[in-house]
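Trainee: Dropping a structure here in structure tokens format, bear with me for questions.
The values are calculated or read from the model by the stated rules, or taken from the named source; none is laboratory data. What you see is a predicted model; the values in this text were computed from it and never measured. Every residue, glycine among them, receives a Cβ derived from its backbone with ideal geometry; neighbour counts consider all protein chains shown. Accessible surface areas use protein heavy atoms only, side chains included; no ligands, DNA or RNA. Shrake-Rupley method; radii C 1.70, N 1.55, O 1.52, S 1.80 Å.
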Amino acid sequence: MNDLCKKACVLFGVGAVLFLSSCSGQQEAEEPHADVLTVGFSQLGNESDWRVANTESMKSTFTEEGGYELLLEDAQQKQEKQIAAIRNFILREVDYIVLAPVVETGWDEVLAEAKDADVPVIIMDRMVDTEDGELYTAWVGSDMREEGEKAVRWLEEFLEEQGRAEEEVSIVHIQGTPGSSAQLGRTYGLEKGLAMHDNWHLAAQVCGEFTQAKAYEVMKEILLETKEMDVVYCENDNEAFGVMQALDEAGISYGEGGDVILISFDATEAGLIACMEGRINLNVECNPLHGPRVEKIIRQLEEGQVPEKESFVEETIFEPEDLTADFIAARGY
């Protein structure tokens, strides 16, 4: 082989090596994309300030920078939309499904489909009631029954301090979405308290749908029948806002020093401000920041670990004297 041919072969070989190195480099640069985890999230709606904060926690946790692709579907309070969303996630072959269920029952069939497709399902916030507990991988959220019982224990102590423990107590109960864990648990707490106290009476028990508008509407209707009430027990802050609006229009005082004791749940920023100002006597915490908690479960699964089946969030209660503007601002919701 002459010198010219040898030089040509060498140049060709070097070029081939450079080309292959370049291709290999491109493949290495693209490899991180293969590590992205796709999370399908079926959120039940955006009916309250709590729900909005809950959604934002998920969005800020499952980011592209963090190695995730989040597929978010808002079900607008309709279970059939959530079922359709889960089936769509299965078809799209997501890595994980997160479900914040609108109600507890009616999930067996679609969760079985996810299990058959080998897609882990993490239940968040509200619970599901299934025949087979293995249809979902894990649940994280609040103990709604305990929330209700905390409110009742507080009311017992509050009435005792006021010297009213033996007096007749008339209670108006504004419930949340029927069949949801929050409604079932918080209703359970109140009804247990009513059964324990012969002098506690239910003046009205109506659905406020966890919204300010509906709670205002039903409270206006109640006030047409009676203005004799000692306690209004609202199952979330937005319902409390609607009740306050109706009571203001009726000229009925409430909160600290008022004629009506007002109890609320969730402890959102707006709810705690109202409590700090003395317009809500008691606000029971329900922490919505579940994004990091769900991610912890996913990371455990990715590492081959078995997460706890149920993870309850530790929560507290708030009275006006417990709160400052700086404390509320620092909470993040």
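Trainee: If I compute mean projected area of the Cα convex hull in nm² from the structure I just sent, which labelled value in (i) 17.3; (ii) 21.2; (iii) 23.7 lines up?
Mentor: The value matching this structure is (iii).
Trainee: Taking Cα pairs under 8 Å and at least six residues apart, what relative contact order does the range 95-216 come out at, in percent?
Mentor: Across the range 95-216, relative contact order equals 24 percent.
Trainee: If you don't mind, another one. Largest first, how would 197, 290 line up by accessible area (1.4 Å probe)?
Mentor: I get 197, 290, largest accessible area first.
Trainee: If you don't mind, another one. Calculate how steeply helix 181-196 sits against the longest principal axis of the alpha-carbon atoms of the chain, using the helix alpha-carbon long axis, and give the answer as 0 to 90 degrees to the nearest 10.
Mentor: 30
Trainee: Also, I was wondering about something else. Add -39500 (n - 2.57) for each DSSP H run of 4 or more in the chain, then divide by its residues: what number comes out at 222 nm, to the nearest 500 deg cm²/dmol?
Mentor: -15000 deg cm²/dmol
Trainee: Further question: Could you work out how far the C-alpha centroid of the range 284-333 sits from that of the range 39-67, in angstrom?
Mentor: Centre-to-centre (Cα) distance: 14 Å.
Trainee: What is the ratio of the Cα radius of gyration of the range 74-218 to 2.2 N^0.38 Å, where N is its residue count, to two decimals?
Mentor: Rounded to two decimals, the normalised Rg is 1.31.
Trainee: Next question. From Cα pairs below 8 angstrom and at least 6 apart in sequence, can you work out the relative contact order of the chain, rounded to a whole percent?
Mentor: This gives 15 percent for the chain.
Trainee: Within the range 107-142, report the GluC sites (Glu not before Pro) that DSSP leaves as loop and that have at most 11 other Cβ atoms within 10 Å.
Mentor: Listed in order of number, the matching sites are 131.
Trainee: Additional query: Nearest 20 debye, what's the magnitude of the dipole of the range 248-333 about its Cα centre given +1 on Lys and Arg Cβ and -1 on Asp and Glu Cβ?
Mentor: For this selection, approximately 360 debye.
Trainee: Could you give the dipole magnitude of the range 102-221 about its Cα centre, charging the beta-carbon of Lys and Arg +1 and that of Asp and Glu -1, in debye to the nearest 20?
Mentor: Dipole magnitude for the range 102-221 comes out near 440 debye.
Trainee: Based solely on C-alpha atoms, express the radius of gyration and the Dmax of the range 152-198 in angstrom.
Mentor: 12.1, 36
Trainee: Also, quick follow-up: Two-decimal Rg/Rh of the range 222-268 from alpha-carbon positions, Kirkwood Rh?
Mentor: Across the range 222-268, the Cα-based Rg/Rh ratio is 0.94.
Trainee: Rounded if a/c is under 1.5, else prolate if a/b is larger than b/c, else oblate: which is the range 178-223, with a ≥ b ≥ c the root eigenvalues of its Cα gyration tensor?
Mentor: oblate
Trainee: Further, regarding this structure: So what's the gap between the Cα centers of the range 74-133 and the range 217-242, to the nearest angstrom?
Mentor: Rounded to whole Å, the Cα centres lie 34 Å apart.
Trainee: Considering the convex hull of the alpha carbon atoms of the range 134-285, report its projected area averaged over all viewing directions, in nm², one decimal.
Mentor: 9.4
Trainee: From largest accessible area down, sort 89, 327; use a 1.4 Å probe on the protein chains.
Mentor: 327, 89
Trainee: Which net charge results for the neighbourhood of residue 297, defined as the other residues with beta-carbon distances under 15 angstrom from its beta-carbon, given Lys and Arg at +1 and Asp and Glu at -1?
Mentor: That works out to -3.
Trainee: Another question, then. Counting pairs of alpha carbon atoms under 8 Å apart in space and at least six apart in sequence, what relative contact order in percent does the range 194-266 give?
Mentor: Computed value for the range 194-266: 31 percent relative contact order.
Trainee: Send over a whole-number figure in Å² for the accessible area per residue of the chain, probe 1.4 Å.
Mentor: Accessible surface, normalised per residue, equals 49 Å².
Trainee: Leaving out ligands, DNA and RNA, what percent of the accessible area of the range 172-315 is carbon and sulfur, probe 1.4 Å?
Mentor: Ligands and nucleic acids excluded, carbon and sulfur give 47 percent.
Trainee: Show me the ranking of peptides 232-245, 306-319, 167-180 by mean Cβ neighbours inside 10 Å, starting with the highest.
Mentor: The most tightly packed comes first, giving 232-245, 167-180, 306-319.
Trainee: Counting other Cβ atoms within 10 Å of each Cβ, which trypsin sites (Lys or Arg not before Pro) in the range 153-231 have at most 14 and sit in a DSSP loop?
Mentor: Here the trypsin sites (Lys or Arg not before Pro) that fit, given the DSSP loop and packing criteria, are 164, 227.
Trainee: Still on this structure, I have one more. Roughly what % of Cα-Cα distances in the range 82-167 sit above 15 Å, to the whole percent?
Mentor: Roughly 63 percent, rounded to a whole number.
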